[in-house]
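Have a look at the structure below before the remarks.
The values are calculated or read from the model by the stated rules, or taken from the named source; none is laboratory data. What you see is a predicted model, and the numbers here were worked out from it, not measured in a lab. Because the Cβ atoms are built from the backbone with ideal geometry, glycine has one as well, and the counts that use them run over all protein chains shown. Surface areas here come from the heavy atoms of the whole protein model, side chains and all, with no ligands, DNA or RNA. Shrake-Rupley method; radii C 1.70, N 1.55, O 1.52, S 1.80 Å.
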Amino acid sequence: MGEVTAAMKLDARIPTGPIEDAWDSAKFEMKLVNPANKRRHNLIVVGSGLAGASAAATLGELGYNVKCFCFQDSPRRAHSIAAQGGINAAKNYQNDGDSIYRLFYDTVKGGDFRAREGNVYRLAQNSVHIIDQCVAQGVPFAREYGGSLENRSFGGAQVSRTFYARGQTGQQLLLGAYQALERQVDAGQVTMIPRTEMLDLIVIDGQARGIVARNLITGKLSVHLAEAVILATGGYGNVYYLSTNAKGSNATAIWRAHKRGALFANPCFTQIHPTCIPVSGDYQSKLTLMSESLRNDGRIWVPKQKGDKRRPDQIPEDERDYYLERKYPAFGNLVPRDVASRNAKAVCDEGRGVGESGLGVYLDFADAIQRLGVETIRDSYGNLFDMYQRITDEDPYKVPMRIYPAMHYTMGGLWVDYQLQSTIPGLFVLGEANFSDHGANRLGASALMQGLSDGYFITPYTVGNYLASSKLKDVKASDPAVQAALAATEQGIAKLLSIKGKRTVDSFHRELGKIMWDDCGMSRNAAGLRDAIGRIRALREEFWQNLNVPGSGDDLNQSLEKAGRVADFFELGELICIDALERNESCGGHFREEYQTPEGEAQRDDEHYSYVAAWGYTGPGNKPELTKEPLEFVYVHPSQRSYK
C-alpha cells in the first residue's frame, strides 16, 4: 500500500471573489474537453446510489465512456433508497423567507461552523436546479391541491424547504437517477458492472488510473483502467455494527483509497439520528430509521417522574415532559439531530426513558391526528406508520411511537477540494464518501441534496477540467503498478482464508461496534477514547489470529466479503477514536463530555480547532499523520449555536 510519509500541504482551491459568483467563475475558468474528444476518455464510477448514478448518467450523456460498479445486483438497491423524509431546496415556494443564503446559513450553523463556506454556498445554489431536474425526470413529489410542489420542515430550519414523496423520497429520486443511468447503458455510453466490489485503487505516477475489483458471484479478480476514478460509495456508519445503514454498506473503497494516499478528513464527525426504533435485543444486526419528517407533527416526550412505567395513555398531560419544546421553544421538536439525540440520551440517563429497556422516548401523534385528521397524517406518513407497526406490532395511530437515537450518517470522509478531487490527482469523491459540505452535523434532508449536486452539477465540470489539464500516459494491465495492486489484493484474500480460527466475522464486528458505540458514540471523553483505542487494537490482533472464514475465494462467499470489510473497519474505527481524542472541543455530533456549556450544549474551541483534520496513512501500526486545513468564515461568523 502507498503511504503518506510527511504532512501534505492542502489547497482547497476555493475561488476568490464574492461567494455568490464563485461557482460560476470557477466553471468559466475550467478547461473543457471537446465533444469529439470525450469519447476517447474512459472513466470509472464506483457506486450507483444517488451520487454515483447521477454522475455516471451525466458523464455518459456528455459522451464519456463510463464503467459503473456496484456490489448489489441492481443500482436500484443502493442505500439511497432508504432515505425517507425529503430533500432540501431553497425554492421559497412557501414564501416564508427562505433563500439560497438562508439555506447556506442554516447549513453552516447546523454543522457547528466546521464546514467550508464555499462548498456549502455552492450546494445551496445547486439545490434549486436539483428540484427542476428531478421534476423533469418524473419524480412524484407531493403536491398541494392547486398542483404546486408541497414542502415540509426539517430540523435546524425555521422555514419549510423540504420537498418529499411521502416517506419514500430517496427511492423516488433514485429511480429518477436510475432511469437516466439506464438510458446511457442502452446508448452504450455506460457499462454497468453489478455484483462487483472494489478492493484496491491503482495509482500510477501519483495519479488514480483504475481499480482492482472482485466479482462477488465467481470470486474472480479483475483490473479496470481509466483516466479518472470517481468514488461514490457512501459512508462508514456500519463500523458501529448497529446502524440504520444497509448491512452491505461499507468503507472498503474509500479506506483502500486512503491507504493509497488519499487523506481522510474529520473521521470523528459521525451523526446519531434521534428518531430510530430502539434496540430490542442482542440478536439484532441492524436498526430501522423513522424519518425526521415525523417530527413535523409528532411531539416528543417522556414522563416527568423517574421510573414511571405506566402506559402512555395513563400518564396525564401535566405529568409529561415535552422536553425539546420546553428547552428550545423557537425550534421545538425540530432542533438539529445532534441536539435532539443528546437530549434523548440525557432524559434516559436520568431514568425517565420508556419501554422495557428504558432506552426510548415517545413520539406522539395524538395532537396532530386530532387537529388534522387521520387521513391527512396517513397521506403524509402512511408507509412509515405501516413500517413501524410491522416491526413493533404497535399501532402509531393509537399509541405513541417509541424512538431512540442510532448511528445513521457520517460527515467525515475522504478529503476533497472545491472540485471534489482528493489528494490523489484523478480520484474524485462524491456524496457521503467525502467530507465536504456538512461540517460536524448534517441537517436533515441534505444528504440527498449533496449526492445529486455532486453527481449532476459538479463532477461533469471538474472531471472534464482535470482531463483537459492533465497529461495522462497510456496504461496497460501489464504495468508493474497494476500487477502489484492485483497481487496485493490476492494476498489479502489468501491471508483472510488462511487464519482458520474459531470466531466468526460477525462476532468480531459486533464487539467492535459495541466499543465504538460505548466510547465514541453520542458522547466521548478522553479516558474512554484511550481505552477504546487499546481495546480495538487488541481485538484486531485477535481478529488476525482467530478469525474463521469458511469456504474459498473462488465463488460466492459472503463471509469472505464481510471479513475484508471488517478488517477495514478495525483500522478506521481506531482512526475515528484518534481523531476524537485529538479534537479537544465539542462541536455538532462530536460531543466531548469535558467541553460543554453550563446548559449542557456543545462548546467549541474556535481558537484551536477551527480546521479540517485530514489524516494520512503512514503504514501498518504507525501513527497517522495529521494535516490541518484552516477554515475561514467571511459570511457566517461563528457563534455559540442556539436553538432556543
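For the stretch 210-259, what does the alpha-carbon gyration tensor say about shape, rounded, prolate or oblate, given a ≥ b ≥ c as the root eigenvalues, a/c under 1.5 as rounded, and a/b over b/c as prolate? Don't jump to the answer; show the numbers that get you there.
Values: a/c = 2.68, a/b = 1.55, b/c = 1.73.
Note, shape of the stretch 210-259 comes out oblate.
Sort all Cα-Cα distances of the stretch 44-106 into consecutive 10 angstrom bins from zero, then give the percent of pairs in each bin up to the one containing the longest distance.
Taking all Cα pairs of the stretch 44-106, the binned fractions are 19, 31, 27, 20, 2 percent.
Label point 7 Å out from Ser552 along Cα-to-Cβ: which residues of the stretch 476-493 have amide N under 16 Å?
Of the residues in the stretch 476-493, 493 have backbone N under 16 Å from the label point off Ser552.
5 Å is the cut-off here: which amide hydrogens, built 1.01 Å from N in the peptide plane, fall below it relative to Asp200, excluding neighbours closer than 5 in sequence?
Val212
Whole-Hz ³J(HN,Hα) for each residue in the stretch 526-541, computed from phi via Karplus 6.51 cos²θ - 1.76 cosθ + 1.60 with θ = phi - 60°, x for glycine and proline: what do you get?
For the stretch 526-541, the Karplus curve yields 4, 5, x, 5, 4, 5, 4, 4, x, 5, 5, 5, 5, 5, 5, 4 Hz.
Give or take rounding to whole Å, what are the principal axis extents of the alpha carbon atoms in the stretch 273-346, in descending order?
So the extents along the principal axes, rounded to whole Å, are 38, 30, 21.
Which length gain, in nm to one decimal place, applies between Arg39 and Asp282 when the Cα-Cα distance is subtracted from 0.36 nm times their residue separation?
On the way: separation 243, 0.36 × 243 = 87.48 nm, distance 5.29 nm.
Once the chain is fully extended between Arg39 and Asp282, it gains 82.2 nm.
What are the ³J(HN,Hα) couplings of the stretch 17-30, residue after residue, when phi is run through the Karplus curve with 6.51, -1.76, 1.60 and θ = phi - 60°? Round to Hz, x for glycine and proline.
x, x, 5, 5, 9, 4, 5, 4, 5, 4, 5, 5, 7, 5
Using θ = phi - 60° and the Karplus curve 6.51 cos²θ - 1.76 cosθ + 1.60, what whole-Hz ³J(HN,Hα) does each residue of the stretch 255-263 get, with Gly and Pro shown as x?
Listing the rounded values in order: 6, 5, 5, 4, 6, 9, x, 7, 5 Hz.
Below 8 Å, C-alpha to C-alpha, sequence gap of six or more: please give me the relative contact order for the chain in percent.
21 percent
P(r) of the stretch 325-377 in 10 Å steps, Cα pairs, percent per bin?
For the stretch 325-377, the pair-distance distribution reads 21, 40, 33, 6.
Taking R0 as 41 Å, what FRET efficiency do you get between Arg503 and Phe28 from their Cβ-Cβ distance, rounded to the nearest 0.05?
Working: r = 57 Å, r/R0 = 1.40.
E(calc), rounded to 0.05, equals 0.10.
Straight-line reach from Lys306: which lysines fall under 20 Å, measuring Cα to Cα and dropping same-chain residues less than 8 apart?
Lys327, Lys345
For the stretch 10-69, count the residues as N, evaluate 2.2 N^0.38 Å, and divide the Cα radius of gyration by that value, please.
That ratio works out to 1.39.
Excluding Gly63 itself, what net charge comes from residues whose Cβ is under 9 Å from its Cβ, given Lys and Arg +1 and Asp and Glu -1?
On the way: positive: Lys38, Arg39; negative: Glu61.
Once all neighbours under 9 Å are counted, the net charge is +1.
Mind checking the dipole of the stretch 504-552: about its Cα centre, +1 per Lys or Arg Cβ, -1 per Asp or Glu Cβ, Debye to the nearest 20? Walk me through the numbers before you get to the answer.
Working: 7 positive and 7 negative charges, 28 e Å.
Using only the charged Cβ atoms, the result is roughly 140 debye.
Considering only DSSP beta bridges with both partners in the chain, what is the antiparallel share in %, to the nearest 5?
70 percent
Nearest 10 degrees is fine. How inclined is helix 505-520 to the longest principal axis of the chain, computing both from alpha carbons?
Computed tilt is about 60 degrees.
Please give the net charge around Val463, taking every other residue with its beta carbon less than 12 angstrom from that of Val463, where Lys and Arg add +1 and Asp and Glu add -1. Write down the numbers at each step before the final one.
Details: positive: Lys31, Lys38; negative: Glu227, Asp454.
Result for the neighbourhood of Val463: 0.
Could you list log10 I(q)/I(0) for the chain at q = 0.05, 0.08 Å⁻¹, which the Debye formula gives when each Cα is one point scatterer?
Per q value, in the given order, log10 I(q)/I(0) is -0.21, -0.55.
Any idea how far apart Asp606 and Ala142 come out in nm if each label point goes 7 Å out from Cα toward Cβ?
3.6 nm
I'd like the accessible area for Cys587: 1.4 Å probe, protein heavy atoms, all chains in place, Å² to the nearest 10.
Cys587 has an accessible surface of roughly 0 Å² with all protein chains in place.
What ranking do 316-322, 44-50 get when scored by the average of other Cβ atoms within 10 Å per residue, highest first? Before the final figure, lay out the partial values.
Details: 316-322: 11.9, 44-50: 31.9.
My ranking of the peptides, most packed first, is 44-50, 316-322.
Could you calculate the FRET efficiency of Lys623 with Ala484 from 1/(1 + (r/R0)^6), where r is the beta carbon distance between them and R0 is 25 Å, rounded to 0.05?
On the way: r = 25 Å, r/R0 = 1.01.
That pair, Lys623 with Ala484, gives E of 0.50.
Give me the angle, in degrees from 0 to 90, between the Cα long axis of helix 169-187 and the longest principal axis of the Cα atoms of the chain, rounded to the nearest 10.
With rounding to tens, the tilt is 20 degrees.
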